[in-house]
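Any read-out appearing in this document is the output of simple, stated calculations on the displayed coordinates, not a laboratory observation. Here the structure is a predicted model, which means the values were calculated and not measured. As a convention, Cβ positions derive from the backbone with ideal geometry for all residues, glycine included, and neighbour counts pool all protein chains shown.
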Amino acid sequence: MKPCSLTALILAASLGAGTAQAGIITVDTTPSWNGSDVVYPWGHNGVTQTYGQTVTAPAYASGLKSFSFVIQDLNDIANVGVAGPIKYQAYVYEWDSINVQPTEPALFQSVVQQTPGTNTRDFLTLSFSTPGTVLVGGNQYVLFLTTDGIANPPDGNTAWAFPFADVYSGGQFQFLNDSNGFWEDSSAFGSPAGSDLVFAAAFKVPEPGTLALLGAGLAGFAASRRRKAKS
């Protein structure tokens, strides 16, 4: 087998399973979705309040640039007789895989947002810019939307795009039924075995030139050690 340079190994490790641009690695499960399958109901008042996805930061990742989910513009998919939009907040936390729950503190928290409430049944991409969100490469995190903790929320509910398959090896779909208060007061999240949401996450990584310099430095260090070993 042809030997691989240390620089090449470093560059390959930084790419993980996502697509790469200069300084950005994006994980996107949208191509694995058929454009119609959904998981539901998510919203407020008698339905699941929290949906999210765990992700693993690629090697050498330093932060999260943005993330997004795809939901359907519906007001009452559960047919419980409510109308109106859904108010929610987006969060990013480090993930505790042992206790199956987020680890304080929040790394990102959005302002309260609201679905259009126009009931068109169209699929919408909800996107969140997360500047300043610092991550550690190789660690696991959870990205989620929740209707918990919002004062006087409307009682709407809707569906999320769902591939019905395990299409991303770095995490999985997570949900929480919590009718008694904010999600922090609850126990472990739940997750259907082998499933992911339709989502995208853009991770900040060093520019390729920085990685190449790092690789060259490590390669030079290794060569120096070899010369010393021979002398």
**Q.** Using θ = phi - 60° and Karplus 6.51 cos²θ - 1.76 cosθ + 1.60, couplings along the range 90-107 (whole Hz; Gly, Pro as x)
**A.** 9, 9, 10, 9, 5, 9, 9, 6, 6, 8, 6, 7, x, 10, 5, x, 5, 8
Q: Return the Cα extents of the range 127-181 along principal axes one, two and three, sorted largest first, each rounded to a whole Å.
A: 38, 32, 23
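Note the per residue figure in Å³ for the convex hull of the C-alpha positions in the range 24-205.
Working: hull volume 19.5 nm³, N = 182.
It is 107 Å³ per residue.
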Q. Which value in nm describes the separation of the simple spin-label points at N152 and T30, placed 7 Å from the Cα toward the beta carbon?
A. 3.6
Q | Alpha-carbon centroid distance for the pair the range 43-77 / the range 110-164, whole angstrom | A | 5
Q: Take peptides 88-98, 106-116, 138-148, 23-33 and line them up by average Cβ neighbours within 10 Å, highest first, as a rough protection proxy.
A: 138-148, 88-98, 23-33, 106-116
Q) With labels modelled as points extended 7 Å from the Cα through the Cβ direction, what inter-label distance (nm, one decimal) is found for E104 paired with A59? A) 3.5
